[in-house]
1. Scan the strands (runs of 3 or more DSSP E) fully inside region 57-133 and keep the ones with 1 or more residues being aromatic (Phe, Trp, Tyr) and closer than 21 Å to residue 35 by Cα.
2. Which of the residues that make up region 108-143 are closer than 17 Å to residue 69 by Cβ, without any contact (Cβ under 8 Å) to a residue 60 or more places away in the chain and touching a Ser or Thr at 6+ places or on another chain (Cβ under 9 Å)?
3. Given the residues 119, 113, 81, which is the only one that is modelled with pLDDT under 95 and under 20 Å from residue 22 (Cα atoms)?
Amino acid sequence: MKFIFLLLTALIYSCASNSNNDLLHIKYTYYEKSINKSNVSQLSSDFFSRQLLSGLNVNDREVSEQLLFKSYMSKQLESFESIKGNLGCLTINGLDNKQAPISFNIRYINENENWVIDEIGVLFVDTQAEFSKLPKCPGEYQN
């Protein structure tokens, strides 16, 4: 029942939006609220690309922990995104559970009319001043 409510809420919110400026962040928020340790194997194909999941055993604890990368960030501060064709980049800047700055750089692809995560980059920076103010896909930032 809770899953259906989240699905309907996300659908209503996305239909009410007049722009695609936050489409990827909406998809991320839906992932963040929907997937957890108990359902990651059942829901992974709803949020991750076939290519990313190819050859992975989502029932393996280490794999499922990587798919639950959302747990590294305890507080979101800002996000930036861009979509070009069937490729999108989302950068989310925030804080981890020790209040240290962390950034997610996520590449989305449009797969069967659904935006799914195709690549994930988790970047630990020394200060918030190092956060990107532009959307970046993994590999577009300097380590």
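The values are calculated or read from the model by the stated rules, or taken from the named source; none is laboratory data. If you're wondering where the values come from, they're calculated on a predicted model, not measured in any experiment. Here the Cβ positions follow ideal geometry from the backbone for every residue, glycine too, while neighbour counts run over all protein chains shown.
1. 101-111, 114-124
2. 121, 122, 123, 124, 125, 136, 137, 141
3. The unique qualifying residue is 113.
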